[in-house]
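Here the structure comes first, spelled out in structure tokens, and everything after it is commentary.
The values are calculated or read from the model by the stated rules, or taken from the named source; none is laboratory data. Since the model is a prediction, treat every value here as computed from it, not as a measurement. Neighbour counts are summed over all protein chains in view; Cβ atoms, including those assigned to glycine, are modelled from backbone coordinates with ideal geometry. Accessible surface is based on the protein model in full, side chains and every heavy atom, while ligands, DNA and RNA are left aside. Shrake-Rupley method; radii C 1.70, N 1.55, O 1.52, S 1.80 Å.
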Amino acid sequence: LFAQIPESATPETVRQRLSALYSESDFIQIEDEARLREALEQLPCCTSSKEGGSRGEPLNLVVIGETDAWAAAFVRRGYRYAVVSPQYALGRPEDVAAQKQAQWVAAQPHTVRLWLTPIRYQGKPVWIAQTSAPLGGRFQLQTITGNPAPIDPDIDEARLDVVQDLIYSQGLAKLGFVKGVGRVASTHPRETPSGATYHTDGLRAVMLFKTRFIPISELEFFEWERLIDHYRRQVEPAEAP
């Protein structure tokens, strides 16, 4: 994910820049899951403009773990360093960006942008992230220099695609969901500054990674929001079975 690009920053330069983002006094050390959930739900809901105004796409992922752990997991599932149009959160553009790629068959072109936060959970760095897919999916041709395609309005599908993908990375140790941007109904979608629209259940997925190989049978869960219960609460009484 930290690709060495000619005439650009080397991976080590990126690491040094990230390590200098926060001072020791900025770190929020968290040990228990209840406090972690509270801290994650207080993170910004969405990306913003460069000036910090106008809400963009929802920040719908949280990644926890040492960089070598989660970066290796993403790489195993075909994600690679990508040059993307910048989005802003925590007062800066994304620290890392990656896209799903494949050699022979066009992959689902999910884009993942990550920002390092000052939160540490049991000593592990916490990243807030945003994922979406272009309208048209793998059939949408994109170029680095061209204008990005509008996002698929069903932004939850992109979030779940990434989560399901990383379950098979052999690095995902724990999974859960917390409240994020809040529910946006498909009947009243929200528009971003770019003119795209989206709807969402309002949750952000939380993924904790470890450096050792972890089979799916050992995957654990944060006992927070459950997707099935969340969707049941959205059903109007008149529509209930």
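Points to keep in mind about this one:
- Distant-in-sequence amide H partners of Val84 (H built 1.01 Å from N, under 5 Å): none
- The accessible area of Arg77, taken with all protein chains in place and a 1.4 Å probe, comes to roughly 70 Å².
- Working note: Karplus 6.51/-1.76/1.60 with θ = phi - 60° gives region 76-84 the couplings 4, 9, x, 7, 9, 3, 9, 8, 10 Hz, where Gly and Pro are set to x.
- Nearest-10 value in Å² for the accessible area of Ile128, using the 1.4 Å probe: 0 Å²
- Solvent exposure of region 160-233 as accessible area per residue, Å², 1.4 Å probe: 53 Å²
- Looking at region 52-119, the accessible area is 39 square angstrom per residue; that uses a 1.4 Å probe and ignores ligands, DNA and RNA.
- Peptides 45-51, 61-67, 87-93 ranked from most to least packed give 61-67, 87-93, 45-51, packing being the mean of other C-beta atoms within 10 angstrom over each peptide's residues.
- Largest-first ordering by accessible area, 1.4 Å probe, given options His199, His188, His110: His188, His199, His110
- Cross-link partners for Lys210 among the aspartates and glutamates, with Cα-Cα distance under 14 Å and sequence neighbours closer than 8 places in the same chain left out: Glu66, Asp68, Glu218, Glu220.
- Among the protein heavy atoms, those of Thr211 account for about 100 Å² of accessible surface (1.4 Å probe, every chain in place).
- Surface share of carbon and sulfur [accessible, 1.4 angstrom probe, percent] for region 39-105: 50 percent
- Both numbers refer to the Cα atoms of region 40-128; Rg and Dmax are 13.8, 41 Å.
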